[in-house]
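Asks: So that we are looking at the same thing, I have put the structure below in structure tokens.
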Amino acid sequence: MVPSFVAGGQIGSNWQNDSWVFGLELDASAAAANGSNTCLAASHLIVSANCNAGPNLFATGTGRIGYAFGALGKTLAYLKAGIAWQNNQGDVVNNLEGKIQRQEKTHFDYGQVGSVIGLGVEQALTPAWSVNVEYDYLHFGGPSVATASTVQLPPLAILPANTTSLSSNYHIGRVGLNYHFGADPEAAPRSDAPPYATSAGSVPHIPYAPGWSFEGGSRLWLSRGRFQWDHGAFYNDSALDPSILISRLTYHGLNGLSGEVFGRVDSPWGVFLKSNLGIGGFNKGKMNDEDWLPHRGYPDVNALSGQSNGRFAYYTADAGYDFLRGTNYKLGVFVGWAYYSQSSDSIGCVQVAHPQERCLKPGDTRIIGAEDTQWNAPRIGLSAETMLTERWRLNADIAYLPWTDFKGRDYHLLRDDTTFSEQHGNGGGGVQIEGLLSYSVTNNISLGVGARYWAMWTNKEADSRNCESACDRNPPGFAKYSTERWGTFFQASYKLN
């Protein structure tokens, strides 16, 4: 999973029959994405490679079908499907092969046709303008890569020549602003005005409170997490190369449960404050420790450990302004701060790439290491809310993190001398997205279900320093860090107007 940003435009046409809306759309987007993973790991006797890939262009052609409903008939829920195209580029470079030296990269750049399905909600602000929130899933195949046969010793085994293929899948969340040609851009919404006006226009307006209002409550977040640390190599103990890796630690499958409290205050002038605070834990997951150390007699080591005593905590705090506000919707911008921390212990050790090299005896589940991380970042984002009916409400928040500050420690307890690595990084970026569908049980109490995705990463100038008796005895090495957490949450809230 690679977090990224996309921006682009679309053009299309709609036809409406009563409450049903049919349409065709073409869109194109530019992407800023770059992900890496271990690849071509045919055997523990063969040095595996570090594959970097990043799509830079997307285009889709889709048909969609939707249904107009809600207050004034101005809300459209829709499904879409069609074909997609991407341009993907990247490079492949072998990891550390003993003597550290510059290596030529194998570069790839190709276009690929795939498929797309999606769903979304569009809200008409006026007959000419509307906003929408959409989720798309894109699937692409890729070129085939031939791998040669290899001989493995010991035990004697021949790995036959084979063919491997590349594939990519993308989960994309979009927020869009649309202009409907042929409509009066200055006209106010009317029950008999397109787009999407239906007989539901007789539904009374659902005004937001003109004065002060407060909403607060609690959430239960069921989530999965991932953390990756790439440790790079030196040239002649001086210059760094971010492409050649010494090791990679990947923590994945970190299924957790957290509880949080949240609140939002809205003023009569459109200014609002909002925040949430949560804490949780996990005792599931795996850690893959991949090392490329040919001086030990084999080029690739992959050790697998379990995760226990996992803990994570987080908060966000924002101040914003609703620059669009209607009888049944509001759209605002905000700035704020985000914090996320995570720690866990690694238990047990099983060699995957080189089974003859044993970390621990089978069944030995002692703690062999630990990881402790903290992230801080400013937030810039959009906050949207619309009443779908008199009782159903849809909320969406999307925040861009233009800069991150990362600090961490990685503890090694299985070595003869206990050591740890100091981890530092900043720059980079991140994204935090969530959507919520809620139902008003009473005028004050509501229940809802939502989805959330958070990701943060450092730039390529991050570093790590191995510490034994003192940290300053070893020079820092190249490192890159990234973390993700995503899942579903359930919400109960109380609102005062």
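Asks: Does ILE279 meet the test of being over 30 Å from GLU434 (Cα atoms), modelled with pLDDT of 90 or more and β-branched (Val, Ile, Thr)? Can you show your working first?
Replies: On the way: over 30 Å from GLU434 (Cα atoms): no; modelled with pLDDT of 90 or more: yes; β-branched (Val, Ile, Thr): yes.
Spelling it out, it is not the case that ILE279 is over 30 Å from GLU434 (Cα atoms), modelled with pLDDT of 90 or more and β-branched (Val, Ile, Thr).
Asks: Moving on to the next point. Specify the residue that is surrounded by the fewest Cβ atoms within 10 Å (Cβ to Cβ); the eligible residues are those in region 10-28 that are modelled with pLDDT under 90 and in contact with a Ser or Thr (Cβ under 8 Å, 6 or more places away or on another chain).
Replies: Top of the filtered list is ASP18.
Asks: On to the next question. From the residues in region 245-265 that are under 16 Å from ARG311 (Cβ atoms) and among the polar types (S, T, N, Q), which one is surrounded by the fewest Cβ atoms within 10 Å (Cβ to Cβ)?
Replies: In this case the residue turns out to be ASN255.
To keep it simple, each residue is scored yes or no on (1) outside any strand (DSSP E or B); (2) over 25 Å from GLY320 (Cα atoms); (3) modelled with pLDDT of 95 or more.
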{"position": "THR386", "(1), (2), (3)": "no, no, no"}
{"position": "TYR411", "(1), (2), (3)": "no, yes, no"}
{"position": "LYS480", "(1), (2), (3)": "no, yes, no"}
{"position": "ALA492", "(1), (2), (3)": "no, no, yes"}
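Asks: Going by the structure shown, is TRP403 of a type in the set (Phe, Trp, Tyr) and either closer than 30 Å to ALA49 by Cα or under 19 Å from the mean Cα position of the chain (by Cα) (or both)? Break it down stepwise before answering.
Replies: Working: of a type in the set (Phe, Trp, Tyr): yes; either closer than 30 Å to ALA49 by Cα or under 19 Å from the mean Cα position of the chain (by Cα) (or both): yes.
The answer is yes for TRP403.
Asks: Further question: Quick one: would you say SER36 is touching a strand residue (DSSP E or B) at 6+ places or on another chain (Cβ under 8 Å), under 29 Å from GLY225 (Cβ atoms), modelled with pLDDT of 85 or more and in a strand (DSSP E or B)?
Replies: For SER36, the condition - touching a strand residue (DSSP E or B) at 6+ places or on another chain (Cβ under 8 Å), under 29 Å from GLY225 (Cβ atoms), modelled with pLDDT of 85 or more and in a strand (DSSP E or B) - is not met.
Asks: With respect to ASP405, determine if the residue is farther than 26 Å from GLY326 by Cα, in the same structural domain as TYR481 (by TED's automatic domain parsing) and crowded, with 16+ Cβ neighbours inside 10 Å.
Replies: yes
Residues are listed down the side, and each one gets a yes or a no for (1) in a strand (DSSP E or B); (2) touching a residue at least 12 places away in the same chain (Cβ under 8 Å); (3) over 30 Å from TRP129 (Cβ atoms):
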| residue | (1), (2), (3) |
| --- | --- |
| THR327 | no, yes, no |
| GLY332 | yes, yes, no |
| GLY336 | yes, yes, no |
| GLN342 | yes, yes, yes |
| LYS361 | no, no, yes |
| THR365 | no, yes, yes |
| ASP372 | yes, yes, yes |
| PRO378 | yes, yes, no |
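Asks: Would you mind stating whether GLY427 is at positive phi and within 27 Å of the chain's Cα centre (by Cα)?
Replies: yes
Here is a yes/no grid of residues against (1) under 22 Å from SER482 (Cβ atoms); (2) crowded, with 17+ Cβ neighbours inside 10 Å; (3) modelled with pLDDT under 70:
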position	(1), (2), (3)
ALA31	yes, yes, no
ILE46	no, yes, yes
THR60	no, yes, no
GLY66	no, yes, no
ALA84	no, yes, no
VAL93	yes, yes, no
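The values are calculated or read from the model by the stated rules, or taken from the named source; none is laboratory data. This one's a predicted model, so the numbers in the text were calculated from it and none came from an experiment. So basically every Cβ, Gly included, is an ideal-geometry build from the backbone, and we count neighbours across all protein chains shown.
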